[in-house]
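Here the structure comes first, spelled out in structure tokens, and everything after it is commentary.
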Amino acid sequence: MISVNEAIQKNPVDGIRQFAEREQLERTRLAMQAAGVIAFDWTTADDRIVLDGAVEVVPHYRDPVRMSRAQDFLGWLSPEARGKLSHIAASRDHEDTVFELEAEAASAMGTIWLSISGTRLPGLGGVTERVTGMMRVATERVREKHRLTYLATRDELTGHLNRNALRTTLSEVIETAKAEERSCALLVASIDRLAMINDAYGFDAADEVIVAVGERLSRSLRGSDVI
């Protein structure tokens, strides 16, 4: 980096301005690293991508050649996330497109989740010229969201639909059956003498019976059936 004295000696006004800009850029880069934020700028014409900030989360970030190809970066993401970003880049919309998505990716420590937000910038004829934005690791937040979503719709003991989720699913199935003019069925089953098992062997044993019955039912059903 050029020193203050060198900048001033070369051109007092422009030198100080350039030095200030570089200092500001360095401060921004350090702040992004501390916050775990990665900035990206993808130019689609040459498939070139520039990453800055907390790039240590990306595999091969020390390899400048692999770091510069968007194809390799997209290959790091899960097929679903790769498809979403590729779809955004393939758009022919003449307006800027703002997007947010969650992407699963592989790392040396196992699977991680990224929160990606950015803007698609169109060029001539609406063809995507650049996709630029920021991303950060959001593994814990995404896992907690998935856990809460699971608990909101599933029975904690068996993992099958809870009562509220079952009502919603039944309503959807009935409406679909009406629209397609076909029948559907609901079977209600109970476990005999469950109270006796509780009294004789304890609640843990009764829970094991409930789980085992649920597993046997699961093995007997089709993929489209629910419990």
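Before moving on, here are some points about what is shown:
- Inside region 30-50, residues that are open to solvent by 30 Å² or more (accessible area, probe 1.4 Å) and on the phi > 0 side of the Ramachandran plot make up a count of 1.
- Among the residues listed as Leu148, Leu166, Leu121, the single one being of a type outside the set (S, T, N, Q), in contact with an Asp or Glu (Cβ under 7 Å, 6 or more places away or on another chain) and not in a loop (DSSP other than H, G, I, E, B): Leu121
- Pair list, Cβ < 6 Å and 6+ apart or interchain, from region 27-48 residues that are in contact (Cβ under 8 Å) with a residue 12 or more places away in the chain to residues that are part of a helix (DSSP H, G or I) and open to solvent by 50 Å² or more (accessible area, probe 1.4 Å): Asp47/Gln71
- Residue in region 5-24 that is surrounded by fewer than 16 Cβ atoms within 10 Å (Cβ to Cβ), over 20 Å from the mean Cα position of the chain (by Cα), modelled with pLDDT of 75 or more and among the charged types (D, E, K, R) present: no
- In region 168-178 there is at least one residue that is at pLDDT 90 or above, among the hydrophobic types (A, V, I, L, M, F, W, C) and surrounded by 14 or more Cβ atoms within 10 Å (Cβ to Cβ).
- Condition check for Ile191 on (1) surrounded by 11 or more Cβ atoms within 10 Å (Cβ to Cβ); (2) without any contact (Cβ under 8 Å) to a residue 24 or more places away in the chain; (3) of a type in the set (A, V, I, L, M); (4) part of a helix (DSSP H, G or I): one failure, at (4).
Per-residue answers, yes or no, for (1) open to solvent by less than 50 Å² (accessible area, probe 1.4 Å); (2) part of a loop (DSSP other than H, G, I, E, B); (3) closer than 16 Å to Leu114 by Cα:
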{"residue": "Thr28", "(1), (2), (3)": "no, no, no"}
{"residue": "Asp52", "(1), (2), (3)": "yes, no, yes"}
{"residue": "Glu56", "(1), (2), (3)": "no, no, yes"}
{"residue": "Arg62", "(1), (2), (3)": "no, yes, no"}
{"residue": "Phe73", "(1), (2), (3)": "yes, no, yes"}
{"residue": "His87", "(1), (2), (3)": "no, no, no"}
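- If only residues of region 136-165 that are hydrophobic (A, V, I, L, M, F, W, C) and open to solvent by 60 Å² or more (accessible area, probe 1.4 Å) are counted, the one that is farthest from Asp204 (Cα to Cα) is Val137.
- Conditions (1) open to solvent by 20 Å² or more (accessible area, probe 1.4 Å); (2) of a type outside the set (D, E, K, R); (3) touching a residue at least 40 places away in the same chain (Cβ under 8 Å); number of the one not met by Pro122: (3)
- Failed item in (1) under 19 Å from Asp52 (Cα atoms); (2) open to solvent by 50 Å² or more (accessible area, probe 1.4 Å); (3) of a type in the set (Ser, Thr, Tyr), with Ser115 passing the rest: (2)
- Answer residue from region 75-85, given it is in contact with a helix residue (DSSP H, G or I) (Cβ under 8 Å, 6 or more places away or on another chain) and assigned to a helix (DSSP H, G or I) and is least open to solvent (accessible area, probe 1.4 Å) among those: Leu85
- The condition (being exposed (fewer than 10 other Cβ atoms within 10 Å of the Cβ), modelled with pLDDT under 90, among the charged types (D, E, K, R) and part of a loop (DSSP other than H, G, I, E, B)) is satisfied by just one residue among Arg182, Arg222: Arg222.
The values are calculated or read from the model by the stated rules, or taken from the named source; none is laboratory data. No experiment lies behind these values; they were computed from the predicted model shown. Neighbour counts run over all protein chains shown; Cβ positions are idealised from the backbone, glycine included. Calculation scope for accessible area: heavy atoms of the full protein, side chains included, ligands and nucleic acids excluded. Shrake-Rupley method; radii C 1.70, N 1.55, O 1.52, S 1.80 Å.
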